[in-house]
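Engineer: Okay, handing you the structure first.
Just so you know, all these numbers are worked out from the coordinates, no wet-lab data involved. Please read all numbers here as calculations on a predicted model, not as lab measurements. A quick note on method: Cβ atoms are made from the backbone with ideal geometry, for glycine too, and the neighbour counts reach across all protein chains shown.
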Amino acid sequence: MDDLEQLALKHDSDKSLKRTGYVQHYEKYFSPLRDKPVRLLELGMYCGNSLRMWEEYFPMGNILGVDIVLYNECKYDFRRARFCIGDLQDADFVRGMATNNGPFDIIIDDAGHYPDQQRLCLYILFPHLNPGGIYVIEDLHTAYMEKFCGGYNREDTIVDTIKNLINHMHHNYISKRLKLKIPNLETNKIFDDHLEAVHVYPNICFLMKR
């Protein structure tokens, strides 16, 4: 069987070592799941190159991609992967998509990279992740870019949210007087009770669910 780097190059995925290099991390986390019937959701599919990669990497997998438009210039010649079109900044769409297609073992956010969309999807979709599942957020560098509403130490970027998730993992040790920046009590419990680990590498983060 081809390794993930070979498949990334074969399908011209930007996750290859020649481009973002994300495959080195994906191989580490996903190789134990390769022969299992995983349910994978990728937010932001563009021309579908990564979906073709995932469906070949996970021969028993159920692969779903989501994007805001259908790119007509691309051929969607998938074997098993499916896709749906919708706005990932629309909470009703995200909830409906997850309810109709989940739960998932792997969720990858490679969509618009705007903080409102990233946080909305994280808060809604994390509960639709199976126990032991993995939630991945790509392209963390956009949190420092003005065109993506980012900036160094700017609040409410996805990097700021990830930092705050680390605080929530230690909420029992933090004074109640210190207000943690997660929207509401219900959302707090999603992470306080179920977030096992936060693994951060340059430009990519893996959130591990208990």
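Engineer: From the list (1) 12.9; (2) 15.1; (3) 11.8, can you say which value of mean projected area of the Cα convex hull in nm² was derived from the structure given?
Structural biologist: (3)
Engineer: To continue, here is another question. In which sequence would 31, 16 go, from the one with the fewest C-beta neighbours within 10 Å to the one with the most?
Structural biologist: In order of increasing Cβ crowding within 10 Å: 31, 16.
Engineer: Right, another one. Considering amide H positions built from the backbone, and no H for Pro or chain starts, which residues 5 or more places from residue 82, or on another chain, come under 5 Å of its amide H?
Structural biologist: Hits under the 5 Å cutoff: 63, 64, 65.
Engineer: If the limit is 18 Å between Cα atoms, which of 10/36; 15/163; 163/209 go over it? Don't skip to the answer; put the middle values down first.
Structural biologist: Numbers: 10/36 22 Å; 15/163 24 Å; 163/209 16 Å.
Exceeds cut-off: 10/36; 15/163.
Engineer: In a shell of Cβ-Cβ distance under 12 Å around residue 120, excluding residue 120 itself, what net charge do Lys and Arg (+1) and Asp and Glu (-1) give?
Structural biologist: In short, -4.
Engineer: From Cα pairs below 8 angstrom and at least 6 apart in sequence, can you work out the relative contact order of the chain, rounded to a whole percent? Let's see the in-between values first.
Structural biologist: Numbers: 350 pairs, mean separation 31.9, N = 210.
For the chain, the relative contact order is 15 percent.
Engineer: Using the count of nearby Cβ atoms within 10 Å as a rough guide to exposure, how do 155, 55 rank from fewest to most?
Structural biologist: Arranged by neighbour count, lowest to highest, 155, 55 become 155, 55.
Engineer: Sort 53, 145, 97 by Cβ crowding within 10 Å, fewest neighbours at the top.
Structural biologist: With the sparsest Cβ surroundings first, the list reads 145, 97, 53.
Engineer: Also: Among 161, 66, 8, whose Cα projects farthest towards the positive end of the dipole of the stretch 4-204, with charges put on the beta-carbon of Lys, Arg (+1) and Asp, Glu (-1)?
Structural biologist: Of the listed residues, the answer is 161.
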